[in-house]
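Have a look at the structure below, then the notes.
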Amino acid sequence: FDFCQAEGKKRPSENLGQVLFGERIEPSPYRFTFNKEETCKPVCTKTYDTKKPEDKQKLDFLKKSMLLNYQHHWIVDNMPVTWCYDVEDGQRFCNPGFPIGCYITEDGRPKDACVINSEFHEKDTFYIFNHVDIKIYYHIVENGALGARLVAAKLEPKSYKHTHPENPDCSGVPMDISNKANGEVKIAYTYSVTFHEEKKIRWASRWDYILESMPHTHIQWFSIMNSLVIVLFLSGMVAMIMLRTLHKDIARYNQMDSTEDAQEEFGWKLVHGDIFRPPRKGMLLSVFLGSGTQILIMTFVTLFFACLGFLSPANRGALMTCAVVLWVLLGTPAGYVAARFYKSFGGEKWKTNVLLTSFLCPGIVFADFFIMNLILWGEGSSAAIPFGTLVAILALWFCISVPLTFIGAYFGFKKNAIEHPVRTNQIPRQIPEQSFYTKPLPGIIMGGILPFGCIFIQLFFILNSIWSHQMYYMFGFLFLVFIILVITCSEATILLCYFHLCAEDYHWQWRSFLTSGFTAVYFLIYAIHYFFSKLQITGTASTILYFGYTMIMVLIFFLFTGKCIYPCLNVESNFSFVQEN
């Protein structure tokens, strides 16, 4: 954007999380001195001659940004400069950003921020906010020698058509740019700043006024609580059905007096000789389980630290940095789990297994990420990741994550294979014809509904924080939803596996993984719905970027939810132990 630039000021450095999220902090030409108030101080003047192609392109780009409601995001002392305004029901909302400008349509309808000023009334006209009234709130530290601390920064965007840019007075008509403007257009940028002492706000609580005013906060809390109650109720029902049904089956088998009675039985008892038959594509399943373990532990630890306040919005980029570092350091559990499962499946190609664990899923994510970055480079976006950062990420992957995965795989293959409580028959048992709901596809599709039901409300706010630049800070609820998601995935998988085994279908390994993993498909469908209903993304490149990054999230979510197969494995072992006894 062709805004005022800071002369001779060095760009602040960003951490890894900020770089990956596309956050770039630029130095500002707006310069403040503590307790020195300024009134209508000029910053710079930009002149556009529509007859010159370069100037016309810059002006058109500015118009397009106002049409799409692009926002300024400013920072003072690591605090977002907020624009606070009244909304319905007497509530006051503080937005950590303010629009570049707004647009009045050809039929005279004001869009977005144009509703705040009755002077914005010219049809088919853009109004740019070229002046800001900034208020800095501070409190004096008890020990006066330490000075003062900033506790809030607020502004009010305004539009003035400065007749004398060199000596502006910040009065008169707003700065309008007709959509069909020809000739020379001058935009003078100015600001005013005042300082106010605020004794009631503590420095540690200075973010509260932003978080408390977030839109629909009360609806969000109510919705989350409602979702949690429903999920807990359904989880209890699943557990109760499982315990009652399984208890009846065990009691009936314990009452058998003869072999003839056993031969008359049906259901999961008949497949005990095939229950631990190695699955098809066992190599791929073990690799998915290893990568899923890595993501599961990474998510748990990241959310735990976030709940403790280490990864709050004040620590910019900390959440992403923590997740990436944890993923790199958790290569050992991934290699160990993949090796243990592959060995239990009877696999012998241990080199292929450890290489796939190290490179398959991370390679897909990195390839997608690299393609998205090429598009950003091609578009000249500031969110494009520098080449040096890409090299650093590759170094973390190849020099730390891969060796740790090999170490984990070494210990996994060194241990004895998981001993199954029953012998596997040499000749596979014929699977009888299945009813509709016990067939693989319907069962897998049904299995993902319940886990998705406990996260879809949180998904809305998470997607808002990513794509609409809104702050996400309710990590306590997110951590609780995460725990309930794991429990729900496990219980739904156990329940459906039990029904399949009762139908004498012993191909349960892949089905267990895909039953809970199918939640990721519902996530993808919801992301598509969110794209068309909530976002105003235009252009092929932006659309590809949205769906490219969404596919990364879907793959990670697929591996994470599919990993909740562990409880199912334990239940299968219990079934077999009952038969052996």
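Does at least one position in region 456-479 carry a residue that is open to solvent by less than 20 Å² (accessible area, probe 1.4 Å) and more than 30 Å from Trp74 (Cβ to Cβ)? No.
Within region 320-357, the set of residues being β-branched (Val, Ile, Thr) and open to solvent by less than 20 Å² (accessible area, probe 1.4 Å) comprises Val328, Val337, Val354, Thr357.
Quick check, is Arg24 within 30 Å of Leu326 (Cα to Cα) and not polar (S, T, N, Q)? Yes: the conditions hold for Arg24. Taken over region 161-191, the criterion of being in contact (Cβ under 8 Å) with a residue 40 or more places away in the chain, open to solvent by 20 Å² or more (accessible area, probe 1.4 Å) and either part of a strand (DSSP E or B) or among the β-branched types (Val, Ile, Thr) (or both) is satisfied by Val173, Asp176, Ser178, Glu184, Lys186. Checking the stated criteria, Gln430 turns out not to satisfy the condition of being open to solvent by less than 80 Å² (accessible area, probe 1.4 Å), part of a loop (DSSP other than H, G, I, E, B) and polar (S, T, N, Q). Beta carbons closer than 8 Å, at least 6 apart along the sequence or on distinct chains, pair a first residue in region 39-60 that is assigned to a loop (DSSP other than H, G, I, E, B) with a second that is open to solvent by less than 40 Å² (accessible area, probe 1.4 Å) and of a type outside the set (Ser, Thr, Tyr) for Thr50/Leu59; Thr50/Ala181; Thr50/Gly183; Thr50/Val185; Lys51/Gly183. Out of Asp55, Asp89, Asp107, one residue alone is open to solvent by less than 70 Å² (accessible area, probe 1.4 Å), over 19 Å from Tyr160 (Cβ atoms) and more than 29 Å from the chain's Cα centre (by Cα). It is Asp55. Filtering region 76-86 to residues that are open to solvent by 30 Å² or more (accessible area, probe 1.4 Å) and either touching a residue at least 24 places away in the same chain (Cβ under 8 Å) or hydrophobic (A, V, I, L, M, F, W, C) (or both) leaves Val76, Asp77, Asn78, Tyr85.
Going by the structure shown, is Leu360 open to solvent by 20 Å² or more (accessible area, probe 1.4 Å), aliphatic (A, V, I, L, M), part of a helix (DSSP H, G or I) and at pLDDT 90 or above? So Leu360 passes the test.
Among the residues of region 442-489, those that are among the polar types (S, T, N, Q) and assigned to a loop (DSSP other than H, G, I, E, B) comprise Ser468, Gln470.
Asp133 meets each of the listed conditions (1) under 40 Å from the mean Cα position of the chain (by Cα); (2) modelled with pLDDT under 90 apart from (2). Any residue in region 498-519 that is crowded, with 21+ Cβ neighbours inside 10 Å and modelled with pLDDT of 90 or more sitting within a Cβ distance under 6 Å of a residue that is not hydrophobic (A, V, I, L, M, F, W, C) and not in a helix (DSSP H, G or I)? List the pairs, counting only those 6 or more apart or interchain. Pairs found: Phe518/Gly448; Thr519/Gly448.
From the list Tyr138, Tyr127, exactly one residue is in the same structural domain as Asp86 (by the TED database), farther than 26 Å from Cys44 by Cβ, open to solvent by less than 30 Å² (accessible area, probe 1.4 Å) and modelled with pLDDT of 85 or more. Which is it? Only one candidate passes the filter, namely Tyr138. Take Ile544 and decide whether it is free of Cβ contacts under 8 Å to residues at least 12 places away in the same chain, over 28 Å from Phe305 (Cβ atoms) and outside the structural domain of Phe304 (by the TED database). Spelling it out, it is not the case that Ile544 is free of Cβ contacts under 8 Å to residues at least 12 places away in the same chain, over 28 Å from Phe305 (Cβ atoms) and outside the structural domain of Phe304 (by the TED database). Scanning region 11-56 for residues that are touching a Pro at 6+ places or on another chain (Cβ under 7 Å) and under 18 Å from Asp77 (Cβ atoms) returns Arg11, Ile25.
Residues are listed down the side, and each one gets a yes or a no for (1) at pLDDT below 70; (2) charged (D, E, K, R):
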position: Gly183; (1), (2): no, no
position: Lys186; (1), (2): no, yes
position: Thr194; (1), (2): no, no
position: Ser205; (1), (2): no, no
position: Ser223; (1), (2): yes, no
position: Ile230; (1), (2): yes, no
position: Met237; (1), (2): no, no
position: Lys248; (1), (2): no, yes
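The values are calculated or read from the model by the stated rules, or taken from the named source; none is laboratory data. Small disclaimer: the values here were computed from a predicted structure and weren't measured. Using ideal geometry, Cβ is built from the backbone for each residue, glycine included, and neighbour counts are taken over all protein chains shown. In case anyone asks, the SASA skips ligands and DNA or RNA and just uses the protein heavy atoms, side chains included. Shrake-Rupley method; radii C 1.70, N 1.55, O 1.52, S 1.80 Å.
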